[in-house]
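Student: One structure is given below, represented as structure tokens, and several questions about it will come after.
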Amino acid sequence: MPGNSIGQLFRVTTFGESHGEMIGVVIDGCPPGLKLDLEFIQSQLDRRRPGQSKITTQRKESDKPHFVSGLFEGKTTGTPLTAVIHNEDAREKDYDHISDKYRPSHADFTYDKKYGHRDHRGGGRASARETAARVVAGSVAQLLLLQHKIVISAYVSQVGPIILDKSYEELDLKKIDSNIIRCPDEKIAVQMIDVIEKARKEGDTVGGIITCVIKNCPVGLGEPVFDRLHADLAKAVMSINAVKGFEYGSGFAGAAMRGSTHNDPFENKKGKIITTTNNSGGIQGGISNGMDIYFRAAFKPVATILKKQSSVDKNGRPAQVEGRGRHDPCVVPRAIPIVESMAAITLVDHLLRSRTMR
């Protein structure tokens, strides 16, 4: 199975399955001498881990990373940085009933047909459990970015029909973690939580949107033509489980605008060239222009629902499928650090690549 790595100079490879012994990550290309802030890494994992609130899955995992290579006396050595996270609360029996059945909108059918064999325990490699390994790598990447004062903040901007209809510039991003939904607007957050709670009680799920903002990104990150910064950000974010859409800057709304309105005029402000508007989302010609980079990612409703659904088994015979065990009624609250991590991994890779150009 190829496709387990991302990045060129900062290359991240994850391994492990949802209900296997462990999951893990290898980071190749991490510069030496970086002091690993283990508390920060753990805090990011805690934001992603299951069982953290009433609106997330109740699977209990401490998600404690154990670094087994590339770290000496608290600093990276420049050799492959490897971390493992042991699975503590795997319950294989919760999936025995679908060992030969295909769950609607899951990877069961496609994995089985492609590989001729699949791990039905929570989806195996296709499970969102794998993203904990990404968060470890993304946290390391964020520590590297902080050396350049680059800050990444993501928040929930929509759950089902409830929309936070404000620009990130109107919000206090320090309030993102002030509630369990991770929406910086308290009134909208309450409405979002109510929607999730209702879906959960009905055995159903609901989708949502995450907005991500990258501040203090320098000019010059991104490589035309095929490695444009926004294209690599899109690939990284679209690789996250349940993501169905990506847009940056004005996104699809820009299609309804005229060029005279959409264009971002330049000005010289105290010796620094900036744009007076930012419909470009901080990226022009695939290269960062120094303005804030912002994008949105749409997440579908979680495919596992606690209701009976029609399907077939591996022999094509009609079957009924009903979710059991512990599942998220909405994935977006836990996906915040995952989105931040994938953005950070992409930026660090391009930051290192930019150093080779001059």
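Student: Can we say Leu71 is over 21 Å from Asp349 (Cα atoms) and open to solvent by 30 Å² or more (accessible area, probe 1.4 Å)? Write out each step before concluding.
Tutor: Values: over 21 Å from Asp349 (Cα atoms): no; open to solvent by 30 Å² or more (accessible area, probe 1.4 Å): yes.
In short, no.
Student: Going residue by residue through the range 259-282, is there one that turns out to be among the acidic types (Asp, Glu), surrounded by 17 or more Cβ atoms within 10 Å (Cβ to Cβ) and within 29 Å of Thr13 (Cβ to Cβ)?
Tutor: no
Student: Only one of (1) in a helix (DSSP H, G or I); (2) open to solvent by less than 50 Å² (accessible area, probe 1.4 Å) fails for Asp46. Which number is that?
Tutor: Here Asp46 clears every test but (2).
Student: Residue by residue through the range 4-39, note down the ones that are of a type in the set (Gly, Ala, Ser), in contact with a strand residue (DSSP E or B) (Cβ under 7 Å, 6 or more places away or on another chain), surrounded by 15 or more Cβ atoms within 10 Å (Cβ to Cβ) and in a loop (DSSP other than H, G, I, E, B). Can you show your working first?
Tutor: Narrowing the range 4-39 to residues of a type in the set (Gly, Ala, Ser): 5, 7, 16, 18, 20, 24, 29, 33.
Filter once more, so that each one left must be in contact with a strand residue (DSSP E or B) (Cβ under 7 Å, 6 or more places away or on another chain): 5, 16, 24, 29, 33.
Still in the list and also surrounded by 15 or more Cβ atoms within 10 Å (Cβ to Cβ): 16, 24, 29.
Of everything in the range 4-39, just one residue is of a type in the set (Gly, Ala, Ser), in contact with a strand residue (DSSP E or B) (Cβ under 7 Å, 6 or more places away or on another chain), surrounded by 15 or more Cβ atoms within 10 Å (Cβ to Cβ) and in a loop (DSSP other than H, G, I, E, B), namely Gly29.
Yes or no, residue by residue, for (1) surrounded by fewer than 24 Cβ atoms within 10 Å (Cβ to Cβ); (2) touching a strand residue (DSSP E or B) at 6+ places or on another chain (Cβ under 7 Å):
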position	(1), (2)
Glu322	yes, yes
Pro329	no, no
Ile338	no, no
Asp349	yes, no
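Student: For the range 196-222, what are the residues that are open to solvent by 40 Å² or more (accessible area, probe 1.4 Å), assigned to a helix (DSSP H, G or I) and at pLDDT 95 or above? Quick ask: steps written out before the conclusion?
Tutor: First, the residues of the range 196-222 that are open to solvent by 40 Å² or more (accessible area, probe 1.4 Å): 198, 200-202, 204, 215-216, 218-219.
Of the ones still in play, those that are also assigned to a helix (DSSP H, G or I) are 198, 200-201.
Once the filter is applied, which keeps residues that are open to solvent by 40 Å² or more (accessible area, probe 1.4 Å), assigned to a helix (DSSP H, G or I) and at pLDDT 95 or above, the range 196-222 yields only Lys198.
Student: How do the pairs read when you match residues in the range 319-344 that are of a type in the set (Ser, Thr, Tyr) with residues anywhere that are open to solvent by 10 Å² or more (accessible area, probe 1.4 Å), using Cβ under 6 Å and keeping only pairs 6 or more apart or on different chains?
Tutor: From residues that are of a type in the set (Ser, Thr, Tyr), the pairs are Ser341/Arg134.
Student: Another question, then. Could you look through the range 285-301, keep only residues that are within 13 Å of Gln158 (Cα to Cα) and among the charged types (D, E, K, R), and pick out the one that is least open to solvent (accessible area, probe 1.4 Å)? Reasoning before the result, please.
Tutor: Pass one, the range 285-301, residues within 13 Å of Gln158 (Cα to Cα): 296-301.
With among the charged types (D, E, K, R) added as a condition, the list becomes 296, 300.
Values: Arg296: 92, Lys300: 58 Å².
In this case the residue turns out to be Lys300.
Student: For the range 271-284, indicate whether the set of residues that are at pLDDT 95 or above and of a type in the set (D, E, K, R) is non-empty.
Tutor: Of the residues in the range 271-284, the ones at pLDDT 95 or above are 271-284.
Retained after the next criterion (residues that are of a type in the set (D, E, K, R)): 272.
Yes, the range 271-284 contains a residue that is at pLDDT 95 or above and of a type in the set (D, E, K, R).
Student: Looking at the range 165-190 only, could you name the residues that are touching a strand residue (DSSP E or B) at 6+ places or on another chain (Cβ under 8 Å), touching a residue at least 40 places away in the same chain (Cβ under 8 Å) and within 17 Å of Cys330 (Cβ to Cβ)?
Tutor: Ile176, Ile181, Arg182
Student: For Val312, indicate whether it is open to solvent by 10 Å² or more (accessible area, probe 1.4 Å), outside any loop (DSSP other than H, G, I, E, B), among the β-branched types (Val, Ile, Thr) and in contact (Cβ under 8 Å) with a residue 12 or more places away in the chain. Before the answer, list the steps.
Tutor: On the way: open to solvent by 10 Å² or more (accessible area, probe 1.4 Å): yes; outside any loop (DSSP other than H, G, I, E, B): yes; among the β-branched types (Val, Ile, Thr): yes; in contact (Cβ under 8 Å) with a residue 12 or more places away in the chain: yes.
Yes, satisfied.
Student: Considering each residue of the range 157-195, count those that are hydroxyl-bearing (Ser, Thr, Tyr) and surrounded by 17 or more Cβ atoms within 10 Å (Cβ to Cβ), and give that number.
Tutor: So the first thing to find is which residues in the range 157-195 are hydroxyl-bearing (Ser, Thr, Tyr), and the list is 157, 167-168, 178.
From the residues that got through so far, the ones that are surrounded by 17 or more Cβ atoms within 10 Å (Cβ to Cβ) too are 157, 168.
Going through the range 157-195 one residue at a time, the tally reaches 2.
Student: Moving on. For the range 231-275, which strands (runs of 3 or more DSSP E) that fit wholly inside it have 1 or more residues that are over 12 Å from the mean Cα position of the chain (by Cα) and touching a residue at least 40 places away in the same chain (Cβ under 8 Å)? Show your work before the answer.
Tutor: Numbers: elements: 243-248, 266-269, 272-275.
In the range 231-275, 243-248 are the strands (runs of 3 or more DSSP E) which contain 1 or more residues that are over 12 Å from the mean Cα position of the chain (by Cα) and touching a residue at least 40 places away in the same chain (Cβ under 8 Å).
Student: On the basis of being out of contact with any helix residue (DSSP H, G or I) (no Cβ under 9 Å at 6 or more places or on another chain), assigned to a loop (DSSP other than H, G, I, E, B), at pLDDT below 95 and open to solvent by 50 Å² or more (accessible area, probe 1.4 Å), does Gln58 make the cut? Please lay out each step first, then the result.
Tutor: Working: out of contact with any helix residue (DSSP H, G or I) (no Cβ under 9 Å at 6 or more places or on another chain): yes; assigned to a loop (DSSP other than H, G, I, E, B): yes; at pLDDT below 95: yes; open to solvent by 50 Å² or more (accessible area, probe 1.4 Å): yes.
So Gln58 passes the test.
The values are calculated or read from the model by the stated rules, or taken from the named source; none is laboratory data. Note that the coordinates shown come from a computational prediction; the quantities given were computed from them, not determined experimentally. Positions of Cβ are generated from backbone atoms using ideal geometry, with glycine treated the same way; all protein chains shown enter the neighbour counts. With ligands, DNA and RNA removed, areas are computed over all heavy atoms of the protein, side chains included. Shrake-Rupley method; radii C 1.70, N 1.55, O 1.52, S 1.80 Å.
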